[in-house]
Amino acid sequence: MGMKSDIELIKDGKRLDGRGVNDLRPITIKAGVLERADGSCYVEWGGNKVLAAVYGPQECLPKHIASPHRAVLTYRYNMAPFSVEDRKRPGPDRRSIEISKISKEALERVVLLEKFPNTMIKVFVEILQADAGTRCAALTAASVALADAGIPMRDLVTACAAGKIGGEIVLDLGKKEDNFGEADVPVAILPHTKEIVLMQMDGQLTPEEYRKALDLSIDGCTKVYELQKKALRERYVEGVD
Ligand code: CDP
């Protein structure tokens, strides 16, 4: 973010890939793609390819982390070595630990954990291909996978970023926009109440720009939510289990 470059990120209202300032990248969401997991989801979001798998509620291991009041939720965001241009060193790093922590906290706001004391619910997200916005794509996939597993939730979690490139506030930054733009603001909400469950900022914005980016990312979330519902509906129409 904020790297100096001669690339003109926005010209006559059009972005590098031809999108307008308020446009999302193409997104496809499919629920129930893995047989061994209790719930799963595959998301393609621009150049991102993300697979989410959910297990549980199941026996809580190690036992000492169990709670008699609620299920323990775990979230692992992991980038495949081949997901980025320079090979990603396998295993957790500071970035993936941070993303896992905040994504878990976002999901804890919706899953009815109190219904399943002494158990655990495990969410795994594998980034197969990364092209900016993976934490949003991952969380979007994870909440569909939780719903696909039949785990009761207050709402889905829907995520989308907005940011600033070439002096303008735009929706859903692509890779070059993320690298050479001024700011990136990933946001996750509960679509029914518009409650914000994740909000970060990389780069710098004025308070007015920030408000605009936040409103735009919430608009983006609303569109993503429709695709999440469609994926879950298709799963039941197809009748696979
Ligand atoms: O993916 P997201 O925008 O949520 O997170 P980021 O930390 O802002 O990373 C932006 C992009 O940088 C990722 O989507 C990857 O395409 C790329 N990246 C990379 O090439 N190598 C890494 N180790 C981490 C990120």
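Starting from the exponent 0.38 and prefactor 2.2 Å, build the expected Rg for the chain from its residue count and divide its actual Cα Rg by it. Please list the in-between numbers first.
On the way: Rg = 17.9 Å, N = 241, 2.2 N^0.38 = 17.7 Å.
That ratio works out to 1.01.
Provide the FRET efficiency to the nearest 0.05 for the Lys14-Phe82 pair, computing r from the beta carbons and using R0 = 51 Å.
On the way: r = 31 Å, r/R0 = 0.61.
Taking R0 as 51 Å, the efficiency between Lys14 and Phe82 is 0.95.
Based on DSSP, what percent of beta bridges with both residues in the chain are antiparallel, to the nearest 5? Before the final figure, lay out each step's value.
On the way: 41 of 49 bridges.
Here the share of antiparallel DSSP bridges comes out near 85 percent.
Have a look at region 104-154 and give its Rg and Dmax from the Cα atoms, expressed in angstrom.
12.0, 38
Let me cross-check Glu182: its accessible surface, 1.4 Å probe, with only protein heavy atoms counted, in Å² to the nearest 10?
Result for Glu182: roughly 60 Å² accessible.
When ligands, DNA and RNA are left out and all protein chains stay put, how many square angstrom of accessible area per residue does the chain have with a 1.4 Å probe? Please list the in-between numbers first.
On the way: 12100 Å² over 241 residues.
Value for the chain: 50 Å² per residue.
For region 114-184, what is the Kirkwood estimate of the hydrodynamic radius, computed as the reciprocal of the mean inverse distance between distinct Cα atoms, to one decimal in Å?
Details: mean 1/r = 0.0705 Å⁻¹.
For region 114-184, the Kirkwood estimate is 14.2 Å.
Along Cα→Cβ, 7 Å out, is where each label goes; now give me the distance between the ones at Gln204 and Glu105 in nm to one decimal.
Calculated label separation equals 2.5 nm.
What are the ³J(HN,Hα) values, in whole Hz, obtained from phi via the Karplus relation 6.51 cos²θ - 1.76 cosθ + 1.60 with θ = phi - 60°, for each residue of region 68-76 in sequence order, with x given for Gly and Pro?
Each residue's phi maps through the Karplus curve to give x, 9, 7, 6, 8, 9, 10, 9, 10 Hz.
Given the peptides 154-164, 188-198, 79-89, 133-143, arrange them by the average over their residues of other C-beta atoms within 10 Å, most packed first. Provide the component values of the computation, followed by the final result.
Details: 154-164: 25.1, 188-198: 17.7, 79-89: 13.4, 133-143: 28.9.
Listed from highest to lowest mean packing, they are 133-143, 154-164, 188-198, 79-89.
Average projected area of the Cα convex hull of region 101-241, in nm²? Write out the running numbers ahead of the final one.
Details: hull surface 37.6 nm².
The orientation-averaged projected area of the Cα hull of region 101-241 comes to 9.4 nm².
Run the 1.4 Å probe and let me know the accessible area of Asp178, rounded to the nearest 10 Å².
30
Given the DSSP H assignment, sum -39500 (n - 2.57) over each helix run of at least 4 residues in the chain and divide by its residue total; what's the result at 222 nm in deg cm²/dmol, nearest 500? Don't skip to the end; give the middle numbers.
Values: 4 runs with 68 residues, N = 241.
Calculated mean residue ellipticity at 222 nm is -9500 deg cm²/dmol.
The values are calculated or read from the model by the stated rules, or taken from the named source; none is laboratory data. This structure is a prediction, so every number in the text was calculated from the model and none was measured. Here Cβ is always computed from backbone atoms with ideal geometry, including for glycine, and neighbour counts include all displayed protein chains. For the accessible areas, the whole protein counts, side chains as well, though only heavy atoms, and no ligand, DNA or RNA atoms are used. Shrake-Rupley method; radii C 1.70, N 1.55, O 1.52, S 1.80 Å.
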